[in-house]
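Reviewing the structure listed below.
The values are calculated or read from the model by the stated rules, or taken from the named source; none is laboratory data. Only a predicted model underlies this, so the values are computations on that prediction, with no experimental measurement involved. Don't worry about glycine lacking a Cβ; one is built from the backbone with ideal geometry, like all the others, and counts go over all protein chains shown.
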Amino acid sequence: MKSIAIIGSTGSIGTQTLEVVRENKDITVRALAAGRNTELLEKQAREFKPDIVGIWSEKDAESLKISLADTNIQVVSGMEGLICISEYEPVEILVTAIVGMIGLIPTVRAIESGKDIALANKETLVTAGHLIMPLAKKNNVKILPVDSEHSAIFQALNGERKNEISRILLTASGGPFRGKSREYLENVTVEDALKHPNWSMGKKITVDSATLVNKGLEVIEAKHLFDVEPEKIEVLVQPQSIIHSMVEFNDGAVIAQLGTPDMKLPIQYALYYPERRYLPGDRLDFAKLREITFEKPDRVVFKGLDFAYEALKSGGTMPTVFNAANEYAVAGFLGKKIKFTDIYEIIDFCMKSHKVKENPSIEEILEAQKETEDLIRRKYNI
């Protein structure tokens, strides 16, 4: 039996991870944590019977303790609760399905505790990849990517030598606004941005997909995960979301991973690696598949990619500023306090205002995040 914990269990990745658990009979869920959705967390706790559940606010934790009083489940809260779950001794794999910088410290503590990481929290590697990957190596811990694109690259590299990579071809769907103009984007609504053509994801990641910031974050992740230079990472728009990413090698061979847009595949692959389990669901029908097309991303209208490459070039704390500015701005957009295009303006302003610290510690990374958020509050009053 595999023992797992999930932080972010009520979100898109978390709930799909639990679907994988339901379909297999040899995974034990030892701990679950959520942000605010106490109702769903209680349902998950009663179904999967973990030893510990965590919720962010102390008030919600007190309410959950009352709701679960007829069980032996321990209820924890806040960052201390997340750390408690991340370090919980019986857990073998921590699924980091939580969104945002909040996932950084729990991931570090899980690695230090010797747990493998099924990584869906982009911010961990975007802001601290220079610390996380050496720490994982030191503790003999596997970082198993859950993002469909990074899972595809991970699969394509199986049995291959990383020093023979010519380039990584990271695919993007193009999001709901593919082909639209800058003028069009000025008036799009939250509801428009959340209509992703292919994938069912959380709100924040769906907006990031619409701005192409998500793909920029994935570029930074790929740099750390696969130890390649930024200039070897190329983004292609693949609107059908059939090819999830590709690797080109020095001899010109290209290995791609194809499949239907189903996040349960990379989740299950991470949980059982290197084993491939049967996964129920749709299969590609190549006889009916009319075409697979590619485009270059529009980096003039969708500036998220250029910001990411600029952050990588600057290094140090700049990727943290890129991520923190976007995280704060997207929350403002989802709260209908700013326009869609203001997300780009805020990221640009914060990156231009920042003085980079080289080789930052975890404390300096968190400080850069706070400084960025404070700057946005002062400048934009959101």
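Among residues that are in contact with a Leu (Cβ under 9 Å, 6 or more places away or on another chain) and surrounded by fewer than 22 Cβ atoms within 10 Å (Cβ to Cβ), Gln240 is included. Of the residues making up the stretch 275-297, those that are of a type in the set (D, E, K, R), in contact (Cβ under 8 Å) with a residue 24 or more places away in the chain and either in a loop (DSSP other than H, G, I, E, B) or touching a Phe, Trp or Tyr at 6+ places or on another chain (Cβ under 6 Å) (or both) number 3. Pairs are defined by a Cβ separation below 9 Å, a sequence spacing of at least 6 or placement on different chains, a first member in the stretch 324-350 that is closer than 15 Å to Val126 by Cβ, and a second member that is basic (Lys, Arg); the pairs so defined are Ala324/Lys370; Glu327/Lys204; Tyr328/Arg377; Val330/Lys203; Val330/Lys204; Ile347/Lys303; Cys350/Lys379. Are any of the residues in the stretch 38-53 in a helix (DSSP H, G or I), under 16 Å from Val95 (Cα atoms), modelled with pLDDT of 95 or more and of a type in the set (D, E, K, R)? Looking for residues that are in a helix (DSSP H, G or I), under 16 Å from Val95 (Cα atoms), modelled with pLDDT of 95 or more and of a type in the set (D, E, K, R), one finds none in the stretch 38-53, hence no.
Matching residues to (1) hydrophobic (A, V, I, L, M, F, W, C); (2) under 23 Å from Met101 (Cα atoms); (3) outside the structural domain of Val108 (by TED's automatic domain parsing):
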residue	(1), (2), (3)
Gly11	no, yes, no
Thr17	no, yes, no
Lys43	no, no, no
Phe48	yes, no, no
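For (1) farther than 22 Å from Val300 by Cα; (2) exposed (fewer than 14 other Cβ atoms within 10 Å of the Cβ); (3) among the hydroxyl-bearing types (Ser, Thr, Tyr), each residue gets a yes or a no:
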site: Phe333; (1), (2), (3): no, no, no
site: Cys350; (1), (2), (3): no, no, no
site: Ser361; (1), (2), (3): yes, yes, yes
site: Gln369; (1), (2), (3): yes, no, no
site: Tyr380; (1), (2), (3): yes, no, yes
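Hey, among the residues in the stretch 315-331 that are within 17 Å of Leu131 (Cβ to Cβ) and of a type in the set (Gly, Ala, Ser), which one's surrounded by the fewest Cβ atoms within 10 Å (Cβ to Cβ)? Of everything passing the filter in the stretch 315-331, Gly315 is surrounded by the fewest Cβ atoms within 10 Å (Cβ to Cβ). Residue-level check: of (1) modelled with pLDDT of 95 or more; (2) crowded, with 22+ Cβ neighbours inside 10 Å; (3) farther than 25 Å from Arg283 by Cβ, Gly175 misses just (1).
Based on this model, can you work out whether Pro197 counts as modelled with pLDDT under 95, surrounded by fewer than 16 Cβ atoms within 10 Å (Cβ to Cβ) and not polar (S, T, N, Q)? Against the criterion (modelled with pLDDT under 95, surrounded by fewer than 16 Cβ atoms within 10 Å (Cβ to Cβ) and not polar (S, T, N, Q)), Pro197 qualifies.
Strands (runs of 3 or more DSSP E) fully within the stretch 73-130 that include at least 3 residues being of a type outside the set (Lys, Arg), touching a residue at least 24 places away in the same chain (Cβ under 8 Å) and outside the structural domain of Val228 (by TED's automatic domain parsing): 93-96, 116-119.
In the stretch 8-22 there is no residue that is more than 22 Å from Asp147 (Cβ to Cβ), under 21 Å from the mean Cα position of the chain (by Cα) and crowded, with 21+ Cβ neighbours inside 10 Å. Every test in (1) among the hydrophobic types (A, V, I, L, M, F, W, C); (2) touching a strand residue (DSSP E or B) at 6+ places or on another chain (Cβ under 7 Å); (3) surrounded by fewer than 18 Cβ atoms within 10 Å (Cβ to Cβ); (4) at pLDDT 95 or above is passed by Ala253 save one, and that test is (2).
Screening Leu40 against (1) crowded, with 21+ Cβ neighbours inside 10 Å; (2) touching a residue at least 24 places away in the same chain (Cβ under 8 Å); (3) within 23 Å of the chain's Cα centre (by Cα) leaves a single unmet condition, (1). Does any residue of the stretch 270-279 turn out to be surrounded by fewer than 16 Cβ atoms within 10 Å (Cβ to Cβ) and more than 30 Å from Ser3 (Cβ to Cβ)? No, the stretch 270-279 contains no residue that is surrounded by fewer than 16 Cβ atoms within 10 Å (Cβ to Cβ) and more than 30 Å from Ser3 (Cβ to Cβ).
Where helices (runs of 4 or more DSSP H) fall entirely within the stretch 145-238, those with at least 1 residues that are aromatic (Phe, Trp, Tyr) are at 148-156, 182-185, 213-226. Working only within the stretch 155-168, note down all residues that are hydrophobic (A, V, I, L, M, F, W, C) and surrounded by fewer than 24 Cβ atoms within 10 Å (Cβ to Cβ). Answer for the stretch 155-168, where residues must be hydrophobic (A, V, I, L, M, F, W, C) and surrounded by fewer than 24 Cβ atoms within 10 Å (Cβ to Cβ): Ala156, Leu157, Ile165. Of the residues screened, Glu363 is one that is in a helix (DSSP H, G or I), more than 20 Å from Glu218 (Cβ to Cβ) and among the acidic types (Asp, Glu).
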